[in-house]
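Read through the structure below, which is laid out as structure tokens, and then see the notes.
The values are calculated or read from the model by the stated rules, or taken from the named source; none is laboratory data. The structure displayed is predicted, hence computed values, not measured ones. In this analysis, Cβ positions are derived from the backbone assuming ideal geometry, glycine residues included, and neighbour counts consider all displayed protein chains.
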Amino acid sequence: MTITENKKSRTLVNLIGVPSLLFVMWQGGYWFVGLFTVLILLGALELSDLARQQKGNPLTYLLTAGLLGLISVQLYDGAIDQISILMLVGLLSLGIEIFRGEARPLLNMAMVNFGMIWLGLLLGSIISIRLIPEYGFIITVAMFVSVWVCDTFAFIVGSKFGKTKVMPSVSPKKSWEGSIAGLVGAILFLITLFYKDVFGGFLSLSDVIILGFITGGLSQLGDFAESLLKREAGVKDTSDYLQGHGGILDRFDSLAIAAPLTYLYLQYMNLI
């Protein structure tokens, strides 16, 4: 794909994807759960492909079934909880690998169980946030947009002024200047929403600053983590599902850190 074609693809995905995502966020319920179930399952396929790049052969069907189980538990309070599902998948992956005779059983088991945690628990916590009564929609949108603001600020400042690399062996283009700009941008964005009374008294100023630190600072660890996995597998993008944007894991790596930490903070502060 040429540079011009890549830009056109990115523009088309943005024009269709961003309004569609906002619409689904607004609808909530099964619309939102359905969309992110599809995205998480596509992420599972990408993760499996990363393992195959390293001559692994993970049990993708077991990972898929386990992820569906984790998502279902968030919707229905039943006798089985997420820990039980994680234990069951772990035991099944161990038992099956004993009899499969694959060359890299440790990689296969690790990929399935890591996928359950990364995709099912961490990225899947986005669903839990959207399901928060009354304030789920605004918290979800604020989290998404603040992560985008972080990425935008980091890219602009990093491109123009970035000289001090954070971890060149993992992500050569990331600079401290860009990372700090992304953090400041995310915090300022959320503070602006606070003073516009977007949160309606649900969050205090200190809550907003801490959440900005999560979405603008700690979320960047997700980008580094995914870069580490891609570098080990020797690939540039996890897939071409999103033309011009790479794969699902490429687009939602930061949210896999921001969402669970946001949810845990809201729980810890007894806000939900």
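Here are a few things to note about the model shown:
- Qualifying residue in region 90-105 (condition: at pLDDT 95 or above, among the polar types (S, T, N, Q) and farther than 18 Å from residue 127 by Cβ): yes
- Within region 156-177, if we keep just the residues that are part of a helix (DSSP H, G or I) and touching a Lys or Arg at 6+ places or on another chain (Cβ under 9 Å), the residue that is surrounded by the most Cβ atoms within 10 Å (Cβ to Cβ) turns out to be 158.
- For the residues 161, 202, 155, the requirement of being aromatic (Phe, Trp, Tyr) and under 27 Å from residue 264 (Cα atoms) singles out 202.
- Cβ pairs under 8 Å, 6+ apart, first in region 152-167 and free of Cβ contacts under 8 Å to residues at least 12 places away in the same chain, second outside any helix (DSSP H, G or I) and of a type in the set (Lys, Arg): 165/174
- Residue within region 184-205 that is modelled with pLDDT under 95, surrounded by fewer than 22 Cβ atoms within 10 Å (Cβ to Cβ), assigned to a loop (DSSP other than H, G, I, E, B) and under 19 Å from the mean Cα position of the chain (by Cα) present: no
- Against the test of being touching a His at 6+ places or on another chain (Cβ under 8 Å), within 25 Å of residue 146 (Cα to Cα) and either modelled with pLDDT of 85 or more or surrounded by 13 or more Cβ atoms within 10 Å (Cβ to Cβ) (or both), the options 13, 24 yield a single qualifying residue, 13.
- From the options 83, 117, 129, 96, residue that is over 19 Å from the mean Cα position of the chain (by Cα), closer than 30 Å to residue 203 by Cβ and not in a loop (DSSP other than H, G, I, E, B): 83
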